2 protein chains.
Amino acid sequence: MVNHYDANTRQHLRVWLKLLKTSTSIETALRERLKKECSTTLPRFDVMAALDHHTDGLRMTELSDFLMVSNGNVTGIVSRLAESGLIERTQDTHDRRAQKVCLSPSGQAEFKQLAQRHAQWIDDIMQPLNTEESNTLLTLLERLANHKVNKND
Amino acid sequence: MVNHYDANTRQHLRVWLKLLKTSTSIETALRERLKKECSTTLPRFDVMAALDHHTDGLRMTELSDFLMVSNGNVTGIVSRLAESGLIERTQDTHDRRAQKVCLSPSGQAEFKQLAQRHAQWIDDIMQPLNTEESNTLLTLLERLANHKVNKND
DNA sequence: GGTATTTACTTTAGGCTTAAAATATTATAC
DNA sequence: GTATAATATTTTAAGCCTAAAGTAAATACC
């Protein structure tokens, strides 16, 4: 029962809930397809995408900075991906604390497939908006994102 | 490296990533404020909101249906909320498998505070959009959400 | 050169999440 | 009335996530 809020607040809550629900429901669809069609997960995909983008590898800390998740989180995902043989860890010769992580050849091949499917899914999901509409959506979302960032200073 | 996709696909990926990032970043801000200012979590808030909405209580399965999360998930959150004295569980008299869950008096009082703060945060986050813009955003999001739902049939 | 601080990373504790198995109870079929 | 199926819920196993503590190595300071 939200009716004791004023009309403006109700509208704000409505928009936020729709934003959350839309994003979550697309994300859930992607997770399900990654699991059922590709036997992988979104966090694994995200790590592989980061490594595909940085072709000469990343350190663990660079990886967690890039993905904006905690250090310990990356440790777990990377070690499971390494178990699967999709990524390789090599010791840094100059700094024995550090290691460089990159996609293995099979990881590269695997990601190529994943990325293609992923792009098709997104293409399909975004179909209902034409170029102008998706530009409008992008602009409105950017306004929200930028405002929020400023509040976090 | 997304440049081997056509312009349309690139635009779709860009919009989806912005949608995901905006939603996640707002959600993260809410989680942080709930934790730091209210010593609680978003899942706890969601359960309390559902029970506040259904004043005569809900069964565990009704609760997990309403929140669209798994049964076992609700079990954990509800038992932690019960430990904190914020909700009460009563056995169903006619069905000994079932129980009815509702907010305790202190849970109701607590949620009243939480909901007010939550609404203020959302109000603040949505400030950059005027009524017309937020209506546009709502409409575009609804188009995406509806399309996605249809694909899941 | 030796101590203190910083840096790179892992481990731990605890909560969230799911799917699948397990339990207990109710309802159905015969 | 008893066997079977359905329902309500919890438990379990495994991954994801964070903050905080721990470990090891590099750097800075003196």
Phi-derived 3J(HN,Hα) across region B:36-41 with the Karplus relation (6.51, -1.76, 1.60, θ = phi - 60°), rounded Hz, x for Gly and Pro, is 6, 8, 10, 6, 9, 10
Inter-chain shielding metric for A:25-38, i.e. average beta-carbon neighbours from other chains within 10 angstrom, reads 2
Residue by residue through region A:63-80, the couplings from Karplus 6.51 cos²θ - 1.76 cosθ + 1.60 with θ = phi - 60°, in Hz, x for Gly and Pro, are 5, 6, 5, 4, 7, 6, 10, 6, 4, x, 4, 4, 3, x, 5, 4, 6, 5
Expected response for nearest chain A Cβ to the A-B rotation axis, distance in whole Å, is A:SER23, 2
Mean per-residue count of partner chain Cβ within 10 Å for B:118-131 equals 6
So, in nm and shortest first, the distances from A:ARG143 to its counterparts in the other copies, with label points 7 Å along Cα→Cβ, work out as 1.7
Too long for a 24 Å Cα-Cα cut-off, among A:LYS18/B:LYS21; A:LYS21/B:LYS18; B:LYS35/B:LYS100, are B:LYS35/B:LYS100
Taking Cα atoms, the helix B:42-53 axis meets the longest principal axis of chain B at an angle in degrees (rounded to 10) of 60
Long-range amide H partners of B:ARG59, meaning residues 5 or more apart or on another chain whose placed amide H is closer than 5 Å, are B:VAL101
HN-Hα couplings for region B:18-26 via Karplus (6.51, -1.76, 1.60; θ = phi - 60°), in whole Hz with x for Gly/Pro, come out as 5, 4, 4, 5, 5, 4, 4, 6, 5
Expressed as a whole number, the average count of other chain Cβ atoms within 10 Å around the Cβ atoms of B:4-14 is 5
Long-range amide H partners of B:THR40, meaning residues 5 or more apart or on another chain whose placed amide H is closer than 5 Å, are B:LYS35
Here the convex hull volume per residue of region B:7-125, taken over Cα atoms and given in Å³, is 129
Expected unfolding gain across B:ALA109-B:LYS36 under the 0.36 nm per residue rule, minus the alpha-carbon gap, is 24.4 nm
Tilt, helix B:105-126 to longest principal axis of chain B (alpha-carbon atoms), in degrees rounded to tens, equals 10
Taking the label point 7 Å from Cα along the Cα-Cβ vector, the copy-to-copy distances for A:ASN71, listed from shortest in nm with one decimal, are 4.2
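Readers should treat all values here as calculations from the given coordinates under stated rules, not as data from a laboratory. Owing to the predicted nature of the structure, the values given are computational and were not obtained by experimental measurement. All Cβ positions, glycine included, derive from the backbone under ideal geometry; neighbour counts span all protein chains shown.
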